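Participant: Here's a structure for you.
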Amino acid sequence: MDLTPLLLTFKLAAITTLLLFFLAIPLCYWLVQTRSKLKPFVETVVSLPLVLPPTVLGFYFLLFLGSNTSLGLWIQNTFGISLVFSFTGLVIASLLYSLPFMVHPIQAGLTSLSKSYVETGQLMGKSRFVILCKILLPNIKPAILTGVVLTFAHTIGEFGVVLMIGGNIPNQTKVASIAIYDEVESLNYATANLYSLILLGISFAILLTVYLVNGGYLKRVVR
Amino acid sequence: MIRCQFQKTYGSGKQTFHLNIKASFQSNAINILFGPSGAGKTSLLRLISGLDKVDEGSVSVDRVDWINTQTKTFMPLAQRNIAYVFQDYGLFPNMTVLKNLKFVQKKIPQQLFNDVIATLEIKHLLMVKPNELSGGQKQRIALARALVQEPKLLLLDEPLTALDETLRNKLQTYLVYLQQKYQFTVIMVSHNLQEVLKIADRVCVINYGEIIEEGKPTILISKNTQNTLKATVLDMEKERITVRVGIQQIKIDKKQIVNLDFQKGDEVEIQIS
């Protein structure tokens, strides 16, 4: 069994989770603090991947960022990267596709905190950055953990977007979900089963960890 | 002196609440905002602090404009040196009591720190996290955190409401002691008449978003007789009368009234026992 698709899957999930974490935190902070009329529109855009078929997202990605579009050409000429049938393209598509899985738990966590934390910080003369890092984030650790784990697990399970944008290029875009599809197409059920079992085991372990940590079970065991 | 003259409308459509404030608060003294629930007390504190913005008007502190919509002045919150004790205390749950205090400023003057810790009797709580504290302890910690900020203005939003009488009396004494020692201005929300009479240097009576009376707490008490309150007769029924004391309405049985020679709208004196 070729382990490359599995390694590529975890690399994609890790990079997506890391980037989304740093993108989602300021976005969530803005969503919680703002009184802008743009807020419902931004929230709708963030939530779209939850209801949209992944192929729709993939289709528009190809339409706007493909190498024969002006934007795609500009990116290729300026940064020297092609976003279609490349690992970079997969990362960008994953960022969009997994955005709600990171944003929703963190936003819910921040919303649940008392407004007086931020206001006390403001009256003490603390900067927004200090208020966010020292007061807000430490008090929503379970929400952050949920966001990180859901994003990671969801990216591992991506199929439609990956197929549309990345195709099936070994060592570059052939992630585990594509490899399973490939093996089933070739009637190699045993290999497909191995990939599937590994993904199933890892996904189960990740989710179980979240429930154990957020439910306080691990603390009880340690005590 | 803190002078406020402003308007603010909260909400929109039918669900609006108007504040039309003209009030002054005494510097280096305990001022109490006295009024019933929904009168606009918390909103007034938030507008003075700058957490909410006034629609029109000004707030000046010792002749310096903090807010003036005409000159478009809005002093940043960080420059006002305000400490605010919220109704829910606003203690940071991730920090111990000591870290909550040190978060205000890294180098708290040692004498002030020791004084606050000793006066509020919280030394044994320093390494405890807020979620392990009782309501009364949280209130003391919130007050301690506000005091170590060395504020020019301390805003207290009903900080003593949830406490039993013994603890409330104790905290009132602490507050008066610390205010007199460190000379800062306090504006405190309360709807407890006894509290006003006990600790306030000045009282502003607020109802329906407007200041209806202001001055020394004695404005609520008759000048001639001790233990009597000044009241206005609102309604006269067959067996009892309704009077207004400050913002509170009280019904009195006619059998308890010594002299019935008054009419609706008259000012009378009632004796408290």
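Participant: Once the Cβ-Cβ distance between A:Leu145 and B:Asn28 is put in as r, and R0 is 60 Å, what FRET efficiency do you end up with, to the nearest 0.05?
Facilitator: Here the calculated transfer efficiency is 0.80.
Participant: Among B:Thr69, A:Thr155, B:Thr161, what's the order by accessible area (1.4 angstrom probe), most exposed first?
Facilitator: The ordering from most to least exposed comes out as B:Thr161, B:Thr69, A:Thr155.
Participant: If you add up the charges near A:Ser86, with Lys and Arg at +1 and Asp and Glu at -1, over every other residue whose beta carbon is less than 15 angstrom from its beta carbon, what do you get?
Facilitator: Summing Lys/Arg as +1 and Asp/Glu as -1 gives +2.
Participant: To continue, here is another question. Let's test the formula: R0 of 51 Å, r as the Cβ-Cβ distance of A:Lys37 and A:Asn214. What FRET efficiency results, to the nearest 0.05?
Facilitator: Plugging the Cβ-Cβ distance into 1/(1 + (r/R0)^6) gives 0.90.
Participant: I would also like to ask the following. Of the candidates A:Leu99, A:Leu90, A:Leu137, which one comes out as most mobile in a Gaussian network treatment of chain A with C-alpha springs shorter than 10 Å?
Facilitator: A:Leu137
Participant: Got a sec? Which residues in the stretch B:11-37 would a label at B:Asp62 touch, if it sits 7 Å along Cα→Cβ and we count backbone N under 12 Å?
Facilitator: From the stretch B:11-37, the list is B:27-29.
Participant: For A:Val103, what is the net charge nearby, where nearby means another residue's Cβ is under 13 Å from its Cβ and Lys, Arg count +1, Asp, Glu -1?
Facilitator: Cβ neighbours under 13 Å give a net charge of 0.
Participant: If you add up the charges near B:Val64, with Lys and Arg at +1 and Asp and Glu at -1, over every other residue whose beta carbon is less than 14 angstrom from its beta carbon, what do you get? Mind showing how you got there, number by number?
Facilitator: Working: positive: B:Arg3, B:Arg63, B:Arg80, B:Lys152; negative: B:Asp62, B:Asp65.
Net of charged neighbours comes to +2.
Participant: Also: How big a patch of accessible area, both sides summed and in Å² to the nearest 100, lies buried between B and A at a 1.4 Å probe?
Facilitator: Buried: approximately 1600 Å² between A and B.
Participant: Also, I was wondering about something else. Could you please state how large a percent of the accessible area of chain B is carbon and sulfur, counting protein chains only and using a 1.4 Å probe?
Facilitator: 47 percent
Participant: Right, here's the next one. Heavy-atom accessible area of A:Met164 with all protein chains present, probe 1.4 Å, nearest 10 Å²?
Facilitator: Surface accessible to solvent at A:Met164 totals approximately 60 Å².
Participant: A further question follows. Output needed for chain A: three equivalent-ellipsoid semi-axes, defined as square roots of 5 times the C-alpha gyration tensor eigenvalues, in descending order, whole Å.
Facilitator: 34, 25, 13
Participant: Taking a 1.4 Å probe, which of A:Arg35, B:Arg140, B:Arg80, B:Arg3 shows the most accessible area, and what order do the others take after it?
Facilitator: A:Arg35, B:Arg3, B:Arg140, B:Arg80
Participant: Quote the relative contact order of chain B in percent (integer), defining contacts as alpha-carbon pairs under 8 Å separated by 6+ residues.
Facilitator: 23 percent
Participant: Counting only Cα, what are the radius of gyration and maximum Cα-Cα distance Dmax of chain B, in Å?
Facilitator: Just the Cα atoms of chain B yield Rg and Dmax of 20.5, 66 Å.
Participant: Another question, if that's okay. Which residue fluctuates most in the GNM of chain B (Cα springs below 10 Å): B:Phe25, B:Phe34, B:Phe262?
Facilitator: B:Phe262
Participant: Turning to a different aspect of this structure: Give the accessible area for A:Thr44 in Å² (nearest 10); use a 1.4 Å probe, count only protein heavy atoms, and leave out ligands, DNA and RNA.
Facilitator: 80 Å²
Participant: Further, regarding this structure: Expressed in whole Å with the largest first, what are the equivalent ellipsoid semi-axes of the protein assembly as shown derived from the C-alpha gyration tensor as the square root of 5 times each eigenvalue?
Facilitator: 62, 25, 22
Participant: Does the stretch B:103-158 come out rounded, prolate or oblate, given a ≥ b ≥ c as the square roots of the eigenvalues of its C-alpha gyration tensor, rounded meaning a/c under 1.5 and, failing that, prolate meaning a/b above b/c?
Facilitator: Note, shape of the stretch B:103-158 comes out oblate.
Participant: Starting from the Cα of B:Phe17, step 7 Å along the direction of its Cβ; do the same at A:Phe204; then give the gap between the two resulting points in nm.
Facilitator: Distance between the two pseudo-spin positions: 5.4 nm.
Participant: Counting only protein heavy atoms, what percent of the accessible surface of chain A is carbon or sulfur at a 1.4 Å probe?
Facilitator: Heavy-atom surface of chain A belonging to carbon and sulfur, 1.4 Å probe: 69 percent.
Participant: Averaged per residue, what accessible surface does the protein assembly as shown expose to a 1.4 Å probe, in Å²?
Facilitator: 52 Å²
The values are calculated or read from the model by the stated rules, or taken from the named source; none is laboratory data. Quick caveat: nothing in here was measured; it's all calculated off a predicted structure. FYI the Cβ positions are ideal-geometry reconstructions off the backbone, even for glycines, and counts take in every protein chain you see. Note: areas computed on protein heavy atoms with side chains; ligands, DNA, RNA excluded. Shrake-Rupley method; radii C 1.70, N 1.55, O 1.52, S 1.80 Å.
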